[in-house]
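Structure, as structure tokens:
The values are calculated or read from the model by the stated rules, or taken from the named source; none is laboratory data. As the structure is a prediction and not an experimental result, all values here were calculated from the model. So basically every Cβ, Gly included, is an ideal-geometry build from the backbone, and we count neighbours across all protein chains shown. Please note that ligands, DNA and RNA were not included when accessible areas were found on the heavy atoms of the full protein model with its side chains. Shrake-Rupley method; radii C 1.70, N 1.55, O 1.52, S 1.80 Å.
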Amino acid sequence: QVRLVESGGGLVQAGGSLRLSCAASGRTFIGYTMGWLRQAPGKERETVATIRWSSGTTYYADSVKGRFTISRDNAKNTIYLQMDRLKPEDTAVYYCAARLGTTAWNWWGQGTQVTVSS
């Protein structure tokens, strides 16, 4: 089965940094799009960054552009989200996800909490 396991969340002060990791297993991800999504209480789930597993092509939401960097290590089957200059509004549960299409995410991790204090 496909498994996506996030780690690296925690509590950080505004302006600080965190790096999230997602260990992916269960199949080859060649041709897949991998992503990081977040869910805050009372807010819509949003996709913050995506990366093509093979090519490394990336996408960022406007809210995180210039502050977050998504990357992958194909040999380790791991994707990362480097989060810099964090803001309180970045507080959310962050999920690693994978998809074959461009609209629907097919697989999800369990999530990791990121809390940014003022």
**Request:** Return the total of residues in the stretch 92-118 being of a type in the set (Ser, Thr, Tyr), within 13 Å of the chain's Cα centre (by Cα) and either modelled with pLDDT under 95 or within 14 Å of VAL48 (Cα to Cα) (or both).
**Result:** 2
**Asked** Looking only at the stretch 2-31, which residues are at pLDDT below 95 and either of a type in the set (A, V, I, L, M, F, W, C) or under 12 Å from ALA97 (Cβ atoms) (or both)?
**Response** VAL2, PHE29, ILE30
**Request:** Could you tell me which residue of the stretch 5-21 is farthest from ARG85 (Cα to Cα), considering only residues that are open to solvent by 50 Å² or more (accessible area, probe 1.4 Å) and polar (S, T, N, Q)?
**Result:** SER7
**Asked** Does the stretch 22-30 include one or more residues that are open to solvent by 30 Å² or more (accessible area, probe 1.4 Å), among the basic types (Lys, Arg) and in a strand (DSSP E or B)?
**Response** no
**Complete:** Taking the stretch 59-91 and keeping only residues that are small (Gly, Ala, Ser) and either at positive phi or at pLDDT below 95 (or both), one is left with GLY66, ALA75
**Fill in**
Checked the stretch 59-118 for anything under 21 Å from ALA40 (Cβ atoms) and basic (Lys, Arg); matches are LYS65, ARG67, ARG85, LYS87
